[in-house]
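Accompanying notes for the structure given below.
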Amino acid sequence: MTIYGNEPNLQLIRTMAEHDRLPHAALIYGERGRGRKTIARYFAMTALCREANKPCGNCPSCRKILQDTAEVHPHPDFIWVEHSGKKQGFSVETVRGICKDAIVAPNDGERKVYLFADCDSMDIRAQNTLLKLTEEPPPHVLLLFTAEHRNVFLATMLSRMMPLAVRPCTPEDCRRALTEDHGIAQGDAERAAAACAGNIGRALAWLQDPELQEMTASVGEATNALADRRLYDLLRILARYEKDRFKASEVLRLLDLQVRDAALLKYEGTEPAGCDRESAQRLSGTLSAGRSRKLHEAVQSAYEALQANVSVKLVLASLGGSLLL
């Protein structure tokens, strides 16, 4: 199991296991595609490993988890909790079932590991139902959660979890993962790594999705239009997405990353997170601290309006004007 960019997190997990100090609950959080569930598998493999040097990668327990996929989970004590409910979070009924099952002893070893993956839609009722188990689980239980943001959880839940922030990998590591682990051609890997700022999961999705490729190209165009203060071109680019709320939201999310990159390239020179470094570099030459803040606030306000079901066409038209004031 190769995990890029997160060696400090992996070392922490190994050290805790070595000293028999693994927590009873942990939250692995960060941007989608950065390897949250891969780190959760590593955490589970470490907790369930039967050898002294954990995780050994060779014992029956480790081998079963190494065979684990999104569809097949061969280890009986590594339990992926199924999504349920209207928003595909975790229903109260599902959580109650886990609370009952947690009392049952493990099948193969000394622990049972429950993974609640992608918890961004876990509602308050489900969290409250899970609170007692998270606070006082049986000694053999380890609860793992993954989410994009910590603030999707109640403070009472967060206080009972060990947080692990997923770290980004470098574009070079992303290219290496795509070519060596996934057999992607070098040229395609370089384009995907650049468009997805080193996010391996997002790069794999980008390579398979022409629409996502088209959206990232549009965001680069929009960033150049912002840099040159070309209002008509900016409105024309945004208008491509006025009939699709999901795509419009994704374009705004990527555009906000471009604004963030432009500000950081101007003032700090850090590694970009957006989808087009060249256009972000051009925009950085036009920014003041005040303008970068206003651009971010305008894009963020438009994004929130889309989530609140305001007309997509109205939001994008209004945003175009706000960005070039």
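The values are calculated or read from the model by the stated rules, or taken from the named source; none is laboratory data. Nothing here was measured: the structure is a model prediction, and the numbers come from that model. Here the Cβ positions follow ideal geometry from the backbone for every residue, glycine too, while neighbour counts run over all protein chains shown.
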Do you know which residues across the stretch 99-110 are exposed (fewer than 13 other Cβ atoms within 10 Å of the Cβ) and without any contact (Cβ under 8 Å) to a residue 24 or more places away in the chain? Lys100, Val104
Does Glu148 qualify as being modelled with pLDDT under 95, touching a helix residue (DSSP H, G or I) at 6+ places or on another chain (Cβ under 7 Å) and assigned by TED's automatic domain parsing to the domain that holds Val95? yes
Count of the stretch 227-251 residues which are crowded, with 22+ Cβ neighbours inside 10 Å, within 11 Å of Met215 (Cβ to Cβ) and touching a residue at least 60 places away in the same chain (Cβ under 8 Å): 1
Do the conditions hold for Ile124, that is, is it outside the structural domain of Lys37 (by TED's automatic domain parsing) and either over 26 Å from Pro8 (Cα atoms) or within 22 Å of the chain's Cα centre (by Cα) (or both)? no
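Of all residues in the stretch 137-148, which are out of contact with any Pro (no Cβ under 7 Å at 6 or more places or on another chain) and either farther than 20 Å from Glu82 by Cα or surrounded by 19 or more Cβ atoms within 10 Å (Cβ to Cβ) (or both)? Walk me through it before giving the result.
Restricting attention to the stretch 137-148, the residues satisfying the condition of being out of contact with any Pro (no Cβ under 7 Å at 6 or more places or on another chain) are 137-139, 141-142, 144-148.
Within the stretch 137-148, Pro137, Pro138, Pro139, Val141, Leu142, Leu144, Phe145, Thr146, Ala147 meet the criteria.
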In the stretch 184-201, residues that are assigned to a helix (DSSP H, G or I) and β-branched (Val, Ile, Thr) total 1
If you go through the stretch 216-224 one residue at a time, do you hit one that is of a type in the set (Asp, Glu), at pLDDT below 90 and surrounded by 14 or more Cβ atoms within 10 Å (Cβ to Cβ)? no
Among the residues of the stretch 287-294, is any modelled with pLDDT under 90 and under 22 Å from the mean Cα position of the chain (by Cα)? no
Kindly provide the set of residues from the stretch 163-183 that are in a loop (DSSP other than H, G, I, E, B) and over 14 Å from Gly33 (Cβ atoms), ordered by number. Thr170, Gly183
Just to be sure before I move on: is Gly274 in contact with an Asp or Glu (Cβ under 9 Å, 6 or more places away or on another chain) and buried (at least 18 other Cβ atoms within 10 Å of the Cβ) in the structure I sent? yes
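Check the stretch 206-216 and report whether any residue there is of a type in the set (D, E, K, R), in contact with a Lys or Arg (Cβ under 8 Å, 6 or more places away or on another chain) and closer than 19 Å to Arg175 by Cα.
No.
For (1) at positive phi; (2) within 23 Å of the chain's Cα centre (by Cα); (3) of a type in the set (Lys, Arg); (4) not assigned by TED's automatic domain parsing to the domain that holds Gly198, each residue gets a yes or a no:
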site	(1), (2), (3), (4)
Ile13	no, yes, no, yes
Pro60	no, no, no, yes
Thr69	no, yes, no, yes
Lys86	no, yes, yes, yes
Pro106	no, no, no, yes
When you scan the stretch 62-71, do you find a residue that is touching a Cys at 6+ places or on another chain (Cβ under 8 Å) and of a type outside the set (Phe, Trp, Tyr), even just one? yes
How about the stretch 303-316: which of its residues are surrounded by fewer than 16 Cβ atoms within 10 Å (Cβ to Cβ), assigned to a helix (DSSP H, G or I) and of a type outside the set (Lys, Arg)? Glu304, Gln307, Leu314
